[in-house]
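Structure record follows, encoded as structure tokens.
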Amino acid sequence: MAMRHSTIIGTGFYVPPNVVTNDDLARIMDTSDAWITERTGIKQRYIADEGTGAADLGKIAAERALADAGLTNQDIDLIIFATLNPDVFFPGSACILQSKMPFGTIPALDIRQQCTGFIYAVAIADAFIRMGAYSKVLVIGAEVHSTGLDFTTRGRDVAVLFGDGAGAVVMTPTENENEGVLGFALHAQGEHWDKLYLPAPYGSVRGRITHEMIDRGEHYPKMDGRAVFKHAVPRFCETINEVLAKTGYKIEDVDLFIPHQANDRITKMVGKQMRLPDEKVVSNIARYGNTTAATIPICICESRQDGRLKKGSLLLCAAFGSGFTWGSMLMRWSI
Ligand code: ACO
């Protein structure tokens, strides 16, 4: 018997207009286009104007996804917002989004799974849709990293990696077993939370943020880049094998692989280890940097635009990031 599950019926993305190249960064910190390109594959990233938050970028991506789906705000019955850069400490950016776009009083929730945020968000939406609780779910991944990065030589190891952006999808039920979400594999390993994290403001410290913390730069993200790199490649490969085993597909069946874009060297190593030909592996990190929860929906939109992702394609997505969190999803593309 056909089972109710979910499929994506609309997609949209938005990046702010300001392009910052590696050479621009080299003018304000001790770095170079050669170092960044060789280590990461990044050539430029987009940066939001001051006063723009994740919900502002998410709103434009959401409007585009709704238009693509042929729906309006009023059709949506659940919002899931993935970001590591909420507009304010609380409430979540899904609620801030509701203040910018009329959605009535539908539930709105944020999730905090960093680079794996979009995959976790789609999995949550799929579960709600399968149980019949909601039937038109707006899933957003949006990040304004630029306001929280240390653009001096002290912060160069992290600041050069990230860019701002947003992507959104609209999900609905389907009973057609030949389309939509086929399966997920989700993981987290919290023992590594401090390999990539933002210390201040500290929930456990009275006052939460002090002048001394700011002087020490504790309000900027800290990363053990080598540890992240070392864990990322095996976890990517494991989660891909897990979702393929769960769904009964083989790697040769995959038409398009969209990995989270953290570093082009990671993407290339995963593609090679999984024996995926280059033409099946999406890489856009050169133009956007790491846009975290926005990366996969941005890649999905661009892959639709350039014709690599089409109705019937078997799409594999995988991500790894801070937490550590990682995961994958397999879907039969239906639009
Ligand atoms: N420009 C120039 N030099 C730099 C820069 C920079 N931007 N950043 C660091 N360096 C220097 C370091 O100080 C170091 O100098 P030293 O040898 O004199 O001490 C040297 O370059 C080498 O530094 P490493 O950290 O060893 O460089 P590595 O080859 O490991 O590359 C990188 C660093 C690119 C960060 C890499 O480790 C990496 O990509 N790791 C994965 C990071 C990642 O994916 N993060 C996102 C996770 S997703 C999420 O959840 C948000």
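The values are calculated or read from the model by the stated rules, or taken from the named source; none is laboratory data. From a predicted model like this one, the values you see are computed outputs, not experimental measurements. All Cβ positions, glycine included, derive from the backbone under ideal geometry; neighbour counts span all protein chains shown. For the accessible areas, the whole protein counts, side chains as well, though only heavy atoms, and no ligand, DNA or RNA atoms are used. Shrake-Rupley method; radii C 1.70, N 1.55, O 1.52, S 1.80 Å.
Dipole of the chain, Cα-centred, from +1 at each Lys and Arg C-beta and -1 at each Asp and Glu C-beta, to the nearest 20 debye? All intermediate terms of the calculation are to be shown ahead of the outcome.
Values: 34 positive and 38 negative charges, 107 e Å.
Here the chain has a charge dipole of around 520 debye.
Testing the spin-label approximation: label points 7 Å from Cα along Cα→Cβ at residue 311 and residue 101. State their distance in nm.
In this crude spin-label approximation the distance works out to 2.5 nm.
Relative to the Cα centre, what is the charge dipole magnitude of region 180-332, using +1 at the beta carbon of each Lys and Arg, -1 at the beta carbon of each Asp and Glu, and rounding to the nearest 20 debye? Please report the intermediate quantities before stating the final value.
Numbers: 21 positive and 16 negative charges, 41 e Å.
Its charge dipole is roughly 200 debye.
Would you mind working out the magnitude of the charge dipole of region 5-174 relative to its Cα centre, with +1 at each Lys and Arg C-beta and -1 at each Asp and Glu C-beta, to the nearest 20 Debye? Walk me through the numbers on the way to the answer.
Working: 12 positive and 19 negative charges, 65 e Å.
Roughly 320 debye, rounded to the nearest 20.
In region 200-215, which residues have a backbone nitrogen under 16 Å from the label point lying 7 Å from residue 152's Cα in the Cα-to-Cβ direction?
Under cut-off, by backbone N: 211-215.
Could you name the lysines in cross-link range of residue 222, using Cα to Cα under 19 Å and dropping any fewer than eight places away on the same chain?
Of all the lysines, those that pass the test against residue 222 - Cα under 19 Å, at least 8 places apart if same chain - are 195, 230.
Alpha carbons only, please: Rg and Dmax for region 199-283, in angstrom.
19.0, 55
Carbon and sulfur together cover what percent of the accessible area of the chain at a 1.4 Å probe radius? Spell out each step's value before the answer.
Values: 7460 of 14330 Å².
The computed percentage sits at 52.
Could you point to the residue in 17, 120, 95 farthest towards the positive end of region 5-174's charge dipole, with +1 and -1 charges on the Cβ of Lys/Arg and Asp/Glu respectively?
Value computed over the given set: 120.
Lys and Arg at +1, Asp and Glu at -1: add these up for the other residues within a Cβ distance under 11 Å of residue 17 and post the number.
Numbers: positive: none; negative: 49, 164.
Its environment carries a net charge of -2.
Taking 0.36 nm per residue of sequence separation and subtracting the Cα-Cα distance, how much length would be gained by fully extending the chain between residue 275 and residue 35, in nm to one decimal? Please report the intermediate quantities before stating the final value.
Working: separation 240, 0.36 × 240 = 86.40 nm, distance 2.79 nm.
Result for the pair: 83.6 nm of gain on full extension.
R0 = 56 Å: FRET efficiency of residue 227 with residue 2, Cβ-based, nearest 0.05?
Details: r = 45 Å, r/R0 = 0.80.
Using R0 = 56 Å, I get an efficiency of 0.80.
So, by mean Cβ neighbours within 10 angstrom, what's the order for 82-93, 131-142 with the highest one leading?
Numbers: 82-93: 20.3, 131-142: 22.9.
The packing order, highest mean first, is 131-142, 82-93.
Under 8 Å for C-alpha pairs, at least 6 residues apart: give me the relative contact order for the chain, rounded to a whole percent.
For the chain, the relative contact order is 26 percent.
Please enumerate, by chain and number, the lysines with C-alpha under 24 Å from the C-alpha of residue 311, excluding those fewer than 8 residues away in the same chain.
Within the straight-line cut-off, residue 311 pairs with 136, 246, 250, 280.
As an exercise, use a Förster radius of 25 Å and the Cβ-Cβ distance of residue 176 and residue 252 to find the FRET efficiency, rounded to the nearest 0.05.
On the way: r = 24 Å, r/R0 = 0.94.
Given R0 = 25 Å and the Cβ-Cβ separation, E is 0.60.
Let me know the shape class of region 279-335, please: from the alpha-carbon gyration tensor, a ≥ b ≥ c as square roots of the eigenvalues, rounded when a/c is under 1.5, otherwise prolate if a/b is greater than b/c, or oblate. Spell out each step's value before the answer.
Details: a/c = 2.35, a/b = 1.37, b/c = 1.71.
It comes out oblate by the Cα gyration axes.
What are the aspartates and glutamates whose alpha-carbon lies under 12 Å from the alpha-carbon of residue 43, with same-chain residues fewer than 8 places away excluded?
Within the straight-line cut-off, residue 43 pairs with 23, 24, 33, 264.
Once the Cα gyration tensor of the chain is found, what semi-axes does its equivalent ellipsoid get, as square roots of 5 times the eigenvalues, in whole Å, sorted largest first? Please report the intermediate quantities before stating the final value.
Working: eigenvalues 182, 114, 67 Å².
Calculated on Cα positions only, the semi-axes equal 30, 24, 18 Å.
Does region 180-332 come out rounded, prolate or oblate, given a ≥ b ≥ c as the square roots of the eigenvalues of its C-alpha gyration tensor, rounded meaning a/c under 1.5 and, failing that, prolate meaning a/b above b/c?
prolate
Is it possible to state the helix-based mean residue ellipticity at 222 nm for the chain, with each DSSP H run of 4+ residues giving -39500 (n - 2.57), the sum divided by total residues, to the nearest 500 deg cm²/dmol? What is it? Each step should come with its number before you reach the end.
On the way: 11 runs with 108 residues, N = 335.
After summing the helix terms and dividing by the residues of the chain, the value is -9500 deg cm²/dmol.
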